[in-house]
Amino acid sequence: QGTEQQVQKLAPAAALRAAFGETAGVVKMMATTLWDMILGKRSLDELGGPVRIAKMSGEQASLGAIVLISFIALISVNLGFVNLLPVPMLDGGHLVFYAFEALRGQPLSHKVQEFATMAGLMLVFGLFVFLTWNDLASLGVWDRLSRLFS
């Protein structure tokens, strides 16, 4: 993303179509990126967590309000995409539970749902730790600490 952002005035219906088109493009890009990471075609180092998001937010803010608003929209779509992944505890996991209920004619047992939710919680927590570790590594924190103690 460059430092120049063009703002185009659109009629409400055209703006809505453009917004849906942009959102669909971002979702497609995220799905492709996730799939490429699963296949090993892209590095997990590309993933960013809270530290990288904060750093990038500052960088985007320095480029102007329009750029920052676009970045906030990108983060929002990204969070929505992640929330719909089929991980128990996230909304996508609930949709999987509902699909099982529709197929079986009855909900999964509370014990199964509880176990799956705990597994999902552990997965989300592990991902948070991994992303934060990645963020700190990309800032050189671990290299500085190792030099400090060696």
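The values are calculated or read from the model by the stated rules, or taken from the named source; none is laboratory data. Predicted, not measured: the structure shown is a model, and the values here were computed from it. Glycine gets a Cβ as well: all are built from the backbone with ideal geometry, and neighbour counts include every protein chain shown.
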Problem set entry | Subset tally (residues that are in contact (Cβ under 8 Å) with a residue 24 or more places away in the chain and either under 24 Å from Ser57 (Cβ atoms) or in contact with a Leu (Cβ under 9 Å, 6 or more places away or on another chain) (or both)) for the stretch 75-125 | 11
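Looking for something of a type in the set (S, T, N, Q), assigned to a helix (DSSP H, G or I), touching a residue at least 40 places away in the same chain (Cβ under 8 Å) and over 26 Å from Gly126 (Cβ atoms) - is there at least one such residue anywhere in the stretch 65-74?
As a first pass, look at the stretch 65-74 and keep what is of a type in the set (S, T, N, Q): 70.
Applying the additional criterion that residues be assigned to a helix (DSSP H, G or I) yields 70.
Still in the running and touching a residue at least 40 places away in the same chain (Cβ under 8 Å): 70.
If we keep only those that are over 26 Å from Gly126 (Cβ atoms) too, we end up with 70.
Yes: one or more hits.
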Exercise. Could we say that Thr23 is surrounded by 13 or more Cβ atoms within 10 Å (Cβ to Cβ), outside the structural domain of Gly140 (by TED's automatic domain parsing) and outside any loop (DSSP other than H, G, I, E, B) here?
Worked result: yes
